[in-house]
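The values are calculated or read from the model by the stated rules, or taken from the named source; none is laboratory data. Bear in mind that the values here come from a model prediction, so they are computed numbers and not experimental data. Positions of Cβ are backbone-derived with ideal geometry, glycine not excepted, and every protein chain shown enters the neighbour counts. Surface areas here come from the heavy atoms of the whole protein model, side chains and all, with no ligands, DNA or RNA. Shrake-Rupley method; radii C 1.70, N 1.55, O 1.52, S 1.80 Å.
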Amino acid sequence: MNPLLKDFRIAIRSFLKRPGFAAAAVCTLALGIGLNTAIFSVINGVLLKPLPFPASEQLAMVWTDDSRKGEHAGRTSFANFRDWQDRTRCFQELAAFTPSAKTLSGNQELKTVSGARVTTNFFSTMGVGPRLGRGFSPGENEIGRNSVIVLSDGLWRRQFGGDEGIIGKIIQFGDERVTVIGIAPPGFSFPTKAEFWLPLGISPRMKTEFRSNVFLSVIGRLKPEVPITRAQSEMATLAGQLEKEYPKENEGLGASVISLRTQLVGNVERPLHLLWVVLVIVFFICLGNVASLFLARAVERRQDIAIRIALGASQLGISRLTLLESLTLSTIGGIAGLALARVGINWLIAFQPENLPRIESISIDWAVFAFAASTTLFAGAACGIIPAFQALRLSQTDVLKKGNPSITVGGSRSIYELLTVTQTAGTLMALVAAGLLLRSFVGLIQTDIGFNAQNLTVVEVQLPQERFETAAKQIAFERQLEAQFAAMPGVQSVGATSSVLLHELEKSLFVIENQMPGNGGKRSDLPVNVVTENYFRTMNIPILQGRSFTASEGEGTPETAIVNEAFASRYFPKGDAIGKRFRFDQPEFKSPWFTIVGVSGNVRRMGPESPPDIEAFLPFQQNGSSYFEMVIRTDNSHPISSGEVLSQIRTLNKAVTVSGIRTMELTLGAMVAPRQFTTSLVGMFAATALALTALGLYGGTAYFAAHREREIGIRMALGAKSRNVTGMVIRQGMRPVLIGLALGLIVSLAVTHTLRSLLFGVSATDPATFGAITALLTGVALLACWIPALKATRTDPMIALRHE
C-alpha cells in the first residue's frame, strides 16, 4: 500500500478515536481561515480588481485645490473647465459632470433615482459606448437642445421593461420631458450609482463668465504613457495661468490630479487594511491554539510513538504521519472556512455599508479560492511542523522511561510559552485598535451637531422651472405647502431651507462694509443658505444675538441676513456683528448690501467630524428658490409618512417633484455609519482574539498543571498550602502573558500612529485606552490561569503519588 495512503488511513482512525481533539482543531482553523478569506474577498473586490472601464489606469479626477481653505477636492466652474480642456496636453479628453436626482413616483410610492448631468464627451472619455441607440452629440450641451437622456441598463429594464422601442420616444422623467436616445452598457454606473445621464445645458455666458459658480466635477483620460505626476504638474501650471488671468475669481486656486482608483477607494483603503491586520492576528492566534493542541497530543502519544519506533517505524515516517494529520485537519478546516467566508460575504453584501465602494465586485473567484487554499496549506504546515520536528529528535530510551517526560514536556512548554507571548502581544494590539476606534465612535455620536434631530423629517422639493420661473411664484408655493404641512396632525413646526445637511451650500465671494475683502485682506467665500422665518425654531437652532427673520421681510423690504457664530467670531471678534453690512463681490451681478439682524448657533453641516464653517442665512421670502427642503418637526404620537407628504403636495400641484423624504435621525446615522461599521468589525474580531487567547491560556495552564500532578502531590504532602500551589501555577501561567503584554505595549505604541486618520477626538497613544485594555487582558489571563490553579489545589497527594 502507498505509504501516504496508509498514513492517511491511520490519521483518520486517530481522529475517530479522539473526536474532541479533531473537532476543536477543525473549528478553530475554520474560524481563522474563513474570516481571513472573507476579508480578502472584500479587499480583492474593492482594491485589487481592475475598475470596470477600458484602460481604467488612464482615468483620473481633476479637482480645484483651494489653498486659502486647505481644500484639495473642490469643484470648478464651466469656464475654468473649458480653459483646462483647451490647454491640456497630458489628457486625451476632459469631461465634466454634476450629480442629479429624479423622483419617479407611483400611487403612494417614491423612487429616487440617482444620475448625473454631463458634458457630451462624457461617455467617450470613460471609454464606453451605448448598448442601444447613441450617446450625446456636441450641440446637445446647449440650453434648449439638452432634452435628451441616456438610461442605464438596469433602469431601462426595471422602469421600461427592457423595451428596445423606447429609443427615440419622449418620456416624462421626473420634472422633465426628455427624448431617450441611448441605453448604457450593462454594469456601467459612474458617478457611483448613476442610472441616467442628461446633458449639462450650458448658456453662452457660462462658457466664459460665472467663474465663481463652481459646481462641476472633472474626470479625464490621460494619454498613453503619461504618468499622473506629469499631469499634476501641468494642471498646477494651468491653474497658475488662470489665477493670473482672472485674479478676482481664481485667487489661491490650484489644481490636483487623483487617479480614479484612489478617488473611489482611497477612503476605505486604510480601514480595510486595519481589518485585515486584526484578522491576521486572529488567524495566528487560531494557529497558536491548534499548534498547542498538537503539542499536547504529541506529549500524550510519546510512548505510543516510542513503541512504533521500537517496532521498526522510522522517525521520518512518524514525522510524516504527524504532518499529514495536521494537513488533513487544516484541509477540512479550510473547506469549512470557505463555506463560512461565503456566508460572511453574503451578509456583508446584504448589509451594504454606505462607505464601501465597488461592493458589486466582491465575490469568491479564483483569486479568493487560491488565497484560501494557500492559507489552508500554510495553516496545516505551521501547526504540524513543530510536532513533526520533535518526532525526529525523539530518543526511544528516554521516552520509554516512566517519569522522565522532560524531553517532550519540557520542550513543548517552551514552545507553548513562546506561542502565548505572541498571542498575548497580538491580542493586545487588536484590543488597543478596537478600544481607540470605540472611543472615537462614542465621541462622534456625542458631538453636538448644533440642532435637535429627534422627530425631524426632511422633504426635498423640486419645482418645475417652466411653471415656477419667478421668485414670487416659488415663494407663494412654499407658503402654501408650509401651511398644508402645519395643519397635519402632530406637526409642531414647519420651515424651509435650501439645504439642511451633507449638501454643500453655494458659495460667493463677499466683502464687509468698511473692511478689507474677506478677512485680513484675503478674499474668502461665504456659504449661503436661504431659509424661512420658522427654520431656526423648527430645527431648534438658537439665535444667540439679535433676532430671527419675520414674515414681513418680503420683496421690496431692505435686505437682511443672519450669520452664524463662526462668522461673527471671525469677522466681528468684539461681538458687534448686529447692524453690520456685507455684500457679494461678483462680477456677474450687482449685489445689494445685507444688514446682519441676528447671530445663530453653529451647525456642523457636513457631519459631526467636520468643524462648523462660516455661514450666512438669507430670508426665503426675499429670494425664493426652485429647490428647497421642508423641515417638519412632529411629536412622538404622529410620525409623518411619505404617503401623507405626497398627498399634500399633489393637492397643490402634481408637477412638483419630491426628490426624497428622510428623517434627520437616519441622516445623522448614515453620517457615522462608516465608523460604526469599522468599529463593530474590529471590535468583534478583537473580542474573538481575546476569547481564543483566553481559551488557549486556560487549556495550556490546565494541561501543564496536570502533568505536574506528582510534583504538586509531593509539595502538598510535605505541607504546602493551597495558596502556595495556586500562586505557583498562576505565576508559571502568567509569566509568558506578562512578557507578551510588555511586547504588545511597545509594538502598539510604535504603530498606532497609523490609525490617526481613523480616530476622532482621541490620541493614538491615549493612556486611558492603553491602561484599560492592559487591565482587561491581564484580568482575563489571570482568570484563565486561576481556574486550573484552583483545580490543582484539590489534588489528593496520596492518589497522585499512587498514580505515579
Open item on the list: Scan the range 99-106 and tell me whether some residue there is in a loop (DSSP other than H, G, I, E, B), open to solvent by less than 50 Å² (accessible area, probe 1.4 Å) and either over 30 Å from Glu164 (Cβ atoms) or at pLDDT 90 or above (or both).
Closed with: no
Task: Among (1) under 30 Å from Pro54 (Cα atoms); (2) in a helix (DSSP H, G or I) - the single one Ser256 does not satisfy - done: (2)
Task: Count of the range 26-70 residues which are farther than 15 Å from Cys286 by Cβ, part of a helix (DSSP H, G or I), open to solvent by 10 Å² or more (accessible area, probe 1.4 Å) and among the hydrophobic types (A, V, I, L, M, F, W, C) - done: 3
- [ ] Test Phe468 against the stated conditions and say whether it is open to solvent by less than 40 Å² (accessible area, probe 1.4 Å) and modelled with pLDDT under 90.
- [x] yes
Open item on the list: So if I check each of Ala306, Ala255, Ala291, which one is open to solvent by less than 20 Å² (accessible area, probe 1.4 Å) and at pLDDT 90 or above?
Closed with: Ala255
Task: Index of the failed condition, Leu505 passing every other in (1) closer than 26 Å to Phe210 by Cβ; (2) open to solvent by 40 Å² or more (accessible area, probe 1.4 Å); (3) under 28 Å from the mean Cα position of the chain (by Cα) - done: (2)
Open item on the list: Just to be sure before I move on: is Val128 out of contact with any helix residue (DSSP H, G or I) (no Cβ under 8 Å at 6 or more places or on another chain) and open to solvent by less than 60 Å² (accessible area, probe 1.4 Å) in the structure I sent?
Closed with: yes
Task: Selection from the range 309-338 of residues that are polar (S, T, N, Q), open to solvent by 40 Å² or more (accessible area, probe 1.4 Å) and modelled with pLDDT of 85 or more - done: Thr331
Open item on the list: Out of everything in the range 536-553 that is assigned to a loop (DSSP other than H, G, I, E, B) and charged (D, E, K, R), what residue ends up being nearest to Asp613 (Cα to Cα)?
Closed with: Arg547
Open item on the list: Looking only at the range 213-233, count every residue that is of a type outside the set (A, V, I, L, M, F, W, C), open to solvent by less than 20 Å² (accessible area, probe 1.4 Å) and farther than 16 Å from Gln92 by Cβ and tell me the total.
Closed with: 1
TODO: Return the pairs, sorted by first residue and then second, in which the second residue is open to solvent by 30 Å² or more (accessible area, probe 1.4 Å) and in a helix (DSSP H, G or I), the first residue lies in the range 671-687 and is within 16 Å of Val277 (Cβ to Cβ), the beta carbons are less than 6 Å apart, and the residues are 6+ apart or on different chains.
DONE: Thr679/Leu438; Thr679/Phe441
TODO: Scan the range 153-170 for residues that are at pLDDT below 90 and surrounded by 14 or more Cβ atoms within 10 Å (Cβ to Cβ) and report the count.
DONE: 3
TODO: Answer yes or no: is there a residue in the range 673-688 that is over 29 Å from Arg581 (Cα atoms), among the hydrophobic types (A, V, I, L, M, F, W, C), in a helix (DSSP H, G or I) and modelled with pLDDT under 85.
DONE: yes
- [ ] Having 1 or more residues that are in contact (Cβ under 8 Å) with a residue 24 or more places away in the chain and over 37 Å from the mean Cα position of the chain (by Cα) is the bar; report the strands (runs of 3 or more DSSP E) wholly within the range 133-249 that clear it.
- [x] 176-183
Open item on the list: Where the second residue is open to solvent by 20 Å² or more (accessible area, probe 1.4 Å) and of a type in the set (Phe, Trp, Tyr) and the first is over 20 Å from Glu360 (Cα atoms) and lies in the range 253-274, which pairs have Cβ atoms under 6 Å and are six or more apart or on separate chains?
Closed with: Ser256/Trp63
Task: Test: residue in the range 554-574 that is of a type in the set (Lys, Arg), under 20 Å from Ser524 (Cα atoms), open to solvent by 70 Å² or more (accessible area, probe 1.4 Å) and in a helix (DSSP H, G or I) - done: yes
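Okay, residues lined up against (1) among the basic types (Lys, Arg); (2) modelled with pLDDT of 70 or more; (3) open to solvent by 40 Å² or more (accessible area, probe 1.4 Å):
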residue	(1), (2), (3)
Ser763	no, yes, yes
Ala768	no, yes, yes
Ala772	no, yes, yes
Leu777	no, yes, no
Trp786	no, yes, yes
Arg794	yes, no, yes
Ile799	no, no, yes
Glu804	no, no, yes
Task: Criterion (over 30 Å from Phe677 (Cβ atoms), at pLDDT below 75, among the charged types (D, E, K, R) and open to solvent by 50 Å² or more (accessible area, probe 1.4 Å)) met by exactly one of Glu354, Glu300 - done: Glu300
- [ ] Look through the range 641-670, keep the residues that are in contact (Cβ under 8 Å) with a residue 24 or more places away in the chain, farther than 24 Å from Gln474 by Cα and among the hydrophobic types (A, V, I, L, M, F, W, C), and return whichever of them is surrounded by the fewest Cβ atoms within 10 Å (Cβ to Cβ).
- [x] Ala670
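Among the candidates Gly556, Gly575, which residue alone is out of contact with any Ser or Thr (no Cβ under 6 Å at 6 or more places or on another chain) and over 24 Å from Pro611 (Cα atoms)? It would help to see each step written out before you state the result.
Details: Gly575 fails: over 24 Å from Pro611 (Cα atoms).
Sole residue among the options that is out of contact with any Ser or Thr (no Cβ under 6 Å at 6 or more places or on another chain) and over 24 Å from Pro611 (Cα atoms): Gly556.
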Task: Counted residues, the range 546-569 - those being polar (S, T, N, Q), within 39 Å of the chain's Cα centre (by Cα) and closer than 23 Å to Val631 by Cα - done: 2
Task: Pairs with Cβ under 9 Å, 6+ apart, first in the range 425-449 and on the phi > 0 side of the Ramachandran plot, second open to solvent by 10 Å² or more (accessible area, probe 1.4 Å) and modelled with pLDDT of 90 or more - done: none
Open item on the list: When the residues of the range 575-600 are narrowed to those that are in a loop (DSSP other than H, G, I, E, B), modelled with pLDDT under 90 and of a type in the set (D, E, K, R), which ends up least open to solvent (accessible area, probe 1.4 Å)?
Closed with: Asp585
